[in-house]
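Participant: Dumping the structure here so I can ask a few things about it.
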């Protein structure tokens, strides 16, 4: 079983359990994945934080790098890169001046604090290289 964080066309967030990724794709194409809030059938996978199993020792450095690389791929595949315009673009989305969508880019610590003070949710993730070079 796999758990996906999902978003509908109205940007409502919800979760869905599926046998595997093929089952999700098949159900979505068939219009059987529906937003429980508004009934919208336009559903997409949202970027997800990895779920790490708890162990006594904790994950190894290699496991953490693998997870962070998977997270990076997920963000790059599902969000728009806006570079140094991140804070401005986040504000435009928040205030309805442009379409709602996932974005990523660069923001200073002060930009992040100002966004949070305005009620704009942002998260920082470690941006690791996709492969050891």
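The values are calculated or read from the model by the stated rules, or taken from the named source; none is laboratory data. From a predicted model like this one, the values you see are computed outputs, not experimental measurements. We place every Cβ from the backbone using ideal geometry, glycine too, and count neighbours over all the protein chains shown.
Participant: In segment 77-128, which residues are touching a helix residue (DSSP H, G or I) at 6+ places or on another chain (Cβ under 8 Å), in contact (Cβ under 8 Å) with a residue 24 or more places away in the chain and assigned to a loop (DSSP other than H, G, I, E, B)?
Facilitator: 100, 102, 118, 119, 120, 122, 125, 126, 127, 128
Participant: Among the numbered criteria (1) in a strand (DSSP E or B); (2) at pLDDT below 90; (3) buried (at least 16 other Cβ atoms within 10 Å of the Cβ), which single criterion is violated by residue 7?
Facilitator: (2)
Participant: Here is a further query. Does segment 71-79 include one or more residues that are closer than 25 Å to residue 6 by Cβ, surrounded by 15 or more Cβ atoms within 10 Å (Cβ to Cβ) and more than 20 Å from the chain's Cα centre (by Cα)?
Facilitator: no
Participant: A follow-up question, please. Does any residue of segment 44-51 turn out to be assigned to a strand (DSSP E or B) and either outside the structural domain of residue 6 (by TED's automatic domain parsing) or surrounded by 12 or more Cβ atoms within 10 Å (Cβ to Cβ) (or both)?
Facilitator: The answer is yes; a qualifying residue exists.
Participant: A further question on this structure: Could you tell me whether segment 16-28 includes any residue that is loosely packed, with under 12 Cβ neighbours inside 10 Å and either assigned to a strand (DSSP E or B) or modelled with pLDDT of 90 or more (or both)?
Facilitator: yes
Participant: Residues being surrounded by 10 or more Cβ atoms within 10 Å (Cβ to Cβ) and either within 27 Å of residue 65 (Cα to Cα) or in the same structural domain as residue 13 (by TED's automatic domain parsing) (or both): count how many of those fall in segment 88-110.
Facilitator: 8
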